[in-house]
Amino acid sequence: MRIRPIEDGDVEAVLALWEACGLTRPWNPPRADIDRARGRPNSEVLVLEADGRLLGTVMVGEDGHRGWIYYLAVDPGARGQGLGRALVAAAEDWVRARGIRKIELMVRRANAAVIGFYEALGWREEPVTVLSRWLDGTTPPS
Ligand SMILES: CC(C)(COP(=O)(O)OP(=O)(O)OC[C@H]1O[C@@H](n2cnc3c(N)ncnc32)[C@H](O)[C@@H]1OP(=O)(O)O)[C@@H](O)C(=O)NCCC(=O)NCCS
């Protein structure tokens, strides 16, 4: 099992995995999200491969204050074996290596069942509400 930065040949498999995991939304074109994040000084898309198969991903970044995780995904057929834990640890290491002390993520309300996973890894829910505004006129359904 190996976790490494995404390469060109991984992109289609990553897009298919995100689709299979229900992580894509029409207002966030995932290919553009990969292009914007991969291989930058302050962001990366990490992939987990085992036996030549791409089984997981996590997008990680830091904004100068906090680290952030997006697109954490494990192939539905490979869950429950510690791969999600390994991906989160890799993202935490990536952020820690850049001198950032705290890492955060957002969970969609419809996906609240995943909070138990993060709690099992030592994360805790914060008493904050996230507000946002699209700067290009996009109006996604609320
Ligand atoms: C969330 C996800 C990445 C977990 O991957 P996974 O490989 O199955 O997780 P792991 O096997 O590493 O589990 C790590 C620990 O969390 C626990 N766990 C996993 N899912 C859990 C849940 N829903 N509730 C409570 N605990 C959970 C496991 O039992 C394990 O505990 P242990 O190490 O003490 O046995 C995977 O379910 C997934 O891809 N889900 C769909 C995409 C998604 O929701 N991503 C997150 C968006 S915020």
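The values are calculated or read from the model by the stated rules, or taken from the named source; none is laboratory data. Since the structure is predicted, the reported quantities are computational estimates derived from the model, not experimental observations. Please note: Cβ atoms are built from the backbone with ideal geometry, for glycine as well, and neighbour counts cover all protein chains shown. Just the protein is used for accessible areas: all its heavy atoms, side chains included, with ligands, DNA and RNA removed. Shrake-Rupley method; radii C 1.70, N 1.55, O 1.52, S 1.80 Å.
From the backbone phi of segment 6-21, what are the Karplus-calculated ³J(HN,Hα) couplings (6.51 cos²θ - 1.76 cosθ + 1.60, θ = phi - 60°) in whole Hz, Gly and Pro given as x?
Per-residue couplings from phi come out as 4, 10, 3, x, 8, 4, 5, 5, 5, 4, 5, 5, 5, 5, 4, 8 Hz.
If you roll a 1.4 Å probe over the chain with all protein chains in place, what percent of the accessible area is carbon or sulfur?
The computed percentage sits at 50.
Based on the mean of other Cβ atoms within 10 Å per residue, sort peptides 83-92, 31-40 so the most packed one is first.
83-92, 31-40
Using only Cα positions of segment 1-107, each an equal point scatterer, no hydration layer, compute I(q)/I(0) via Debye at q = 0.10, 0.24 Å⁻¹ and quote the log10 values to two decimals.
-0.25, -1.46
How many percent of DSSP beta bridges within the chain run antiparallel, rounded to 5?
85
Could you rank the peptides 51-58, 131-138, 67-74, 114-121 by their average count of other C-beta atoms within 10 Å per residue, with the highest value first?
In decreasing order of mean packing, 51-58, 131-138, 67-74, 114-121 become 67-74, 51-58, 114-121, 131-138.
Is it possible to state the helix-based mean residue ellipticity at 222 nm for the chain, with each DSSP H run of 4+ residues giving -39500 (n - 2.57), the sum divided by total residues, to the nearest 500 deg cm²/dmol? What is it?
Helix-only estimate at 222 nm: -7500 deg cm²/dmol.
Any idea of the accessible area per residue across segment 2-120, 1.4 Å probe, to the nearest Å²?
On a per-residue basis, 56 Å².
Take Arg53, project a point 7 Å from its Cα along the Cβ direction, then tell me which residues of segment 1-40 have their backbone nitrogen under 19 Å from it.
So the set is 1-4, 10-22.
Per-residue HN-Hα couplings for segment 118-129, Karplus 6.51 cos²θ - 1.76 cosθ + 1.60 at θ = phi - 60°, whole Hz, x for Gly and Pro?
5, 5, 4, 9, x, 7, 9, 6, 9, x, 10, 10
Quick query: amide H of Gly67 versus all other amide H atoms, modeled in the peptide plane; which residues come in under 5 Å with a sequence gap of 5 or more or a different chain?
Sorted by chain and number, the residues that satisfy this are Lys102, Ile103, Glu104.
Among Tyr70, Ala20, Ile100, whose Cα sits farthest toward the positive end of the charge dipole of segment 1-129 (+1 at Cβ of Lys/Arg, -1 at Cβ of Asp/Glu, about the Cα centre)?
Positive-end residue among those listed: Ile100.
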